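Notes follow once the structure below has been shown.
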Amino acid sequence: MRIEEELKLDFQDVLIRPKRSTLTSRSEVDISREFVFRHSERKYRGVPVIAANMDTVGTFEMAQALNRYQLATALHKHYGEAELASFFLKLPEASAVFYSMGITTEDYEKFCRVKKQVGDAIAYVCVDVANGYTKSFVDFLHKLRDAHPQITIMAGNVVTGEMAEELVLDGADIVKVGIGPGSVCTTRKMTGIGYPQLSAIIECADAAHGLGGLICADGGCTSPGDLAKAFGGGADFIMLGGMLAGHDECMGEVVEQDGARKLRFYGMSSRTAMDKHAGGVANYRASEGKEVLLDHRGPVENTVQEILGGVRSACTYVGAHKLRELSKRTTFIRVARQLNEVFGQS
Ligand code: 5GP
């Protein structure tokens, strides 16, 4: 047993210090980014926010809505082959929509069949496992990269610099970062495993950037300010579940409660998801996600405007004309957290 004494931070542990700026309005801020991916060598330009590949959020409807704002979507992996093929074939060329999969043989074979039908219309793939530290995950990444050199691969999740480096070297263009911070995730509670998300972002970004890779901060953002902190910490992309949940474009049962319309939102490892997609929770495992009821929030467009407005405003506070400059202009100030905040957290 060993104890690491170095302090690790979450979004709530810091604020961003304002800096002198020549910007007069948020409208002067450009929050899109351009990248050339390390392995696929493809170009990307867009607002680097990605809807999570959860079956309630990563829907075709969400992808179409977010596309209008140049945001990306990782589709959930439970769509059928025919509907996926038809969706990708109609996708406008510049859109960033990720085909998501796990690492089973069935996942891979399904992907190969869909890819065969649509060809280059699938340009982005998200390989998603709860624990990105396993040999089988790394082996899968090699296999996928060897077979599809021109696809942009996002893979994870991990939380430490050495594993982010490993995944970049194994073929990931974007390393997905986050174990335990998700709004409907109970991994920290169920297993004791995790890593404070802001520190994970800072450390993984530093490691991946050193090798020409990128990172996607996945989970834990609950307000536009959290996105500003994640970008400030070095995230190239940010993945959102809860912040994009509860909208018209989401899939999920609408429930009436006390006269209000609510939408079910649940973790992909929750009992609800496993009952739905895997015929129940297997007897060797426990659920690591929960279900919540969210207020129905109407079209996602309003929320997108609010999120992007917050990030733009953060850029003006620190004098960043472009989102690209935000990290360089970020100084985090550590703030004392209230005890009830610490103990109230799941
Ligand atoms: P949020 O933006 O809601 O805080 O986090 C979204 C992320 O939570 C997802 O992209 C995914 O990485 C993670 N997640 C989704 N469902 C589950 C789950 O059931 N268990 C765990 N451990 N993580 C989940």
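All of the numbers you see were taken from the coordinates with simple rules; none came from a lab. Just so we're clear, the structure is a prediction, and the values are computed from it rather than from any experiment. Quick reminder, even Gly has a Cβ in these numbers, built from the backbone with ideal geometry, and neighbours come from all protein chains shown.
Numbers at a glance
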{"read-out": "Rough spin-label spacing in nm, given labels placed 7 Å along Cα→Cβ, for S136 and Q257", "value": "3.5 nm"}
{"read-out": "Label-point separation, I3 to D248 (7 Å along Cα→Cβ), nm", "value": "5.4 nm"}
{"read-out": "Chymotrypsin sites (Phe, Trp or Tyr not before Pro) within the stretch 238-346, DSSP loop, no more than 16 other Cβ atoms inside 10 Å", "value": "Y284"}
{"read-out": "Top positive-direction residue, dipole computed over the chain with Cβ charges, set M54, G259, I201", "value": "I201"}
{"read-out": "Cβ-Cβ FRET estimate between N283 and E81, R0 fixed at 41 Å, reported to 0.05", "value": "0.85"}
{"read-out": "DSSP-defined beta bridges in the chain - what % are antiparallel, rounded to 5", "value": "35 percent"}
{"read-out": "Rounded to 5, percent antiparallel among DSSP beta bridges of the stretch 199-316", "value": "70 percent"}
{"read-out": "Column: log10 I(q)/I(0), Debye, Cα scatterers of the stretch 27-113, q = 0.14, 0.15, 0.23 Å⁻¹", "value": "-0.54, -0.61, -1.23"}
{"read-out": "Within the chain, longest stretch free of exposed GluC sites (Glu not before Pro) [DSSP loop, at most 13 other beta carbons within 10 Å]", "value": "94-252"}
{"read-out": "Residues R2, R264 arranged by fewest to most Cβ contacts within 10 Å", "value": "R2, R264"}
{"read-out": "Value of [θ]222 nm, deg cm²/dmol, for the chain, DSSP H segments ≥ 4, -39500 (n - 2.57) each, nearest 500", "value": "-10000 deg cm²/dmol"}
